[in-house]
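The values are calculated or read from the model by the stated rules, or taken from the named source; none is laboratory data. No experiment lies behind these values; they were computed from the predicted model shown. Because the Cβ atoms are built from the backbone with ideal geometry, glycine has one as well, and the counts that use them run over all protein chains shown.
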Amino acid sequence: MSANAEVKVGAAPSGALDAVGPVHAVLWIMCFAHFLNDLLQSLLSAVFPMLKDTYSLDFSQIGYIALAFQITASILQPFIGMYTDKRPTPWGLAVGMGATLAGLLMLAFAGTYWTLLIAAATVGIGSSIFHPEGSRVVRMAAGGRMGTAQATFQVGGNFGQAAGPLLAAFVVVPLGQRGIVWFAAVALVAMAVLAWVGRWYAAAIKREGGLKRRSGGGSVHGFTSSKVFTIITLLLLLMFSKAFYSSSLNTFYTFYLMDKFQISLRDSQLYLFLFMAATASGVYLGGPLGDRFGRKYIIWFSILGALPFTLMLPYANLFWSAVLTVLIGFITASSMSQIVVYALELVPGRTGMLSGLFLGFSFGMSGIAAAALGHLADVTSLNFVFQICAFLPLIGVVAWFLPNLERR
């Protein structure tokens, strides 16, 4: 990118961008950075089957590894977001990627179960730093099209999550656990990309004289504090439904396919890739649809609309399992960015805290789900786990009680 283009990109941060439109260069660079970040983090779950065999782990222990990652990723995110709302940290993006790099290197050379847990927790720390600051950069560059901008940012992460199992199948599985070290080069590329974004971010803050809240952090829709609290609670309940069901697939879908249909590890990861690719497509299309038709309706449809397919999945053959998981991934993912954007529009000026709260809550629920469902699978079966989780989209009915912010 030329120097002139860089000046142009940095010339209209945050509030000014509502008038001039999105800064597309920054949005797509953040999309690419999110792709690299989540590709690296998805390697953890992609190598679960290999770790299970190497260390003779049961499903509960696999769930605890996922929990170690999700807990650090979830608990730290809101606090980091609250801190950066007051003290923006442009260098934090690259530092977060450095933590992910350290965690992956520990994972590659781990020799004990406890080292695996520490490695997973370290990768989670990188996530907790990246996501709140990444959401802030995206909001500054959105130009008033926050649904599309957030979806652009998040689709990079979803494609990264989809690519992780695919690369694990063709790189890590043949080379073994030490093969993870080859992905250090990807982390270094991501750190360089995020260092560039950090320079734009710092210049944008300087031109504004700091991130000044236009609304003072309160609701601009005339809601009382108790009403805002109720709405946030409903949104978190919807996020719980999505995170818990997605965790059942992300953590145990490969095991489910290998156990029920006797397919190989590599083939099961290819099926997981189909699900994650469909999820990425749903995230991207959900943003423009939310901008056009209203976020409430996209949220409502994306959770409740998946119910018929989740109910059919435990009884489907291999072909229809693939078809159903593609439909489930596409539909449920369409509201991911919309829930976050809805909260940001409800309470402007709290970008770091709210994005950290919702993304952190999602990570946390995913970790708890992985541990709880792992225990349930050990005492029953994976098929029973998917039969129980099939009813989670019913929680989507509460979306009907969300106010339509676009009409206020």
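Restricting attention to segment 137-184, and to residues there that are among the aromatic types (Phe, Trp, Tyr) and over 28 Å from residue 287 (Cβ atoms), which single residue is surrounded by the most Cβ atoms within 10 Å (Cβ to Cβ)?
Taking segment 137-184 as the starting set, the residues that turn out to be among the aromatic types (Phe, Trp, Tyr) are 153, 159, 170, 182-183.
Imposing the further condition that a residue be over 28 Å from residue 287 (Cβ atoms) reduces the set to 170, 182-183.
Working: 170: 14, 182: 14, 183: 24.
Among those that are among the aromatic types (Phe, Trp, Tyr) and over 28 Å from residue 287 (Cβ atoms), it is 183.
If you take the residues in segment 103-146 that are basic (Lys, Arg) and touching a Gly at 6+ places or on another chain (Cβ under 9 Å), which one is farthest from residue 181 (Cα to Cα)?
Applying the filter and picking the extreme gives 145.
A quick yes/no check of all residues on (1) aromatic (Phe, Trp, Tyr); (2) under 20 Å from residue 187 (Cα atoms); (3) surrounded by 19 or more Cβ atoms within 10 Å (Cβ to Cβ); (4) touching a residue at least 40 places away in the same chain (Cβ under 8 Å):
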{"position": "72", "(1), (2), (3), (4)": "no, yes, yes, yes"}
{"position": "75", "(1), (2), (3), (4)": "no, no, no, yes"}
{"position": "86", "(1), (2), (3), (4)": "no, no, no, no"}
{"position": "98", "(1), (2), (3), (4)": "no, yes, no, yes"}
{"position": "101", "(1), (2), (3), (4)": "no, yes, yes, yes"}
{"position": "116", "(1), (2), (3), (4)": "no, yes, yes, yes"}
{"position": "133", "(1), (2), (3), (4)": "no, yes, yes, yes"}
Open item on the list: Against the definition (part of a helix (DSSP H, G or I), at pLDDT below 90 and under 30 Å from residue 308 (Cα atoms)), how does residue 207 come out, yes or no?
Closed with: no
Open item on the list: Please verify whether residue 311 is farther than 30 Å from residue 227 by Cα, more than 20 Å from the chain's Cα centre (by Cα) and surrounded by fewer than 24 Cβ atoms within 10 Å (Cβ to Cβ), treating the condition exactly as stated.
Closed with: yes
- [ ] Go through (1) over 26 Å from residue 126 (Cα atoms); (2) surrounded by 24 or more Cβ atoms within 10 Å (Cβ to Cβ) and name the single condition residue 322 misses.
- [x] (2)
Open item on the list: What pairs come out if I take residues in segment 331-360 that are in a helix (DSSP H, G or I) and pair them with residues that are of a type in the set (Lys, Arg) whose C-beta lies under 6 Å away, six or more apart or interchain?
Closed with: 332/242; 338/295; 342/295; 351/136; 351/139; 352/136
Task: So residue 290, is it buried (at least 24 other Cβ atoms within 10 Å of the Cβ), farther than 22 Å from residue 244 by Cβ and not aromatic (Phe, Trp, Tyr) - done: yes
Open item on the list: If a residue must be out of contact with any Leu (no Cβ under 7 Å at 6 or more places or on another chain) and either in a helix (DSSP H, G or I) or of a type in the set (D, E, K, R) (or both), how many such residues does segment 47-62 contain?
Closed with: 11
Task: Tally of residues being within 25 Å of residue 85 (Cβ to Cβ) and not hydroxyl-bearing (Ser, Thr, Tyr) across segment 353-405 - done: 15
TODO: Would you mention how many residues in segment 49-73 are among the β-branched types (Val, Ile, Thr) and over 18 Å from residue 376 (Cα atoms)?
DONE: 3
Open item on the list: Looking only at segment 110-152, how many residues end up being of a type in the set (Phe, Trp, Tyr) and out of contact with any helix residue (DSSP H, G or I) (no Cβ under 7 Å at 6 or more places or on another chain)?
Closed with: 1
- [ ] Inspect all residues belonging to segment 18-40 and state whether any of them is at negative phi, modelled with pLDDT of 80 or more and polar (S, T, N, Q).
- [x] yes
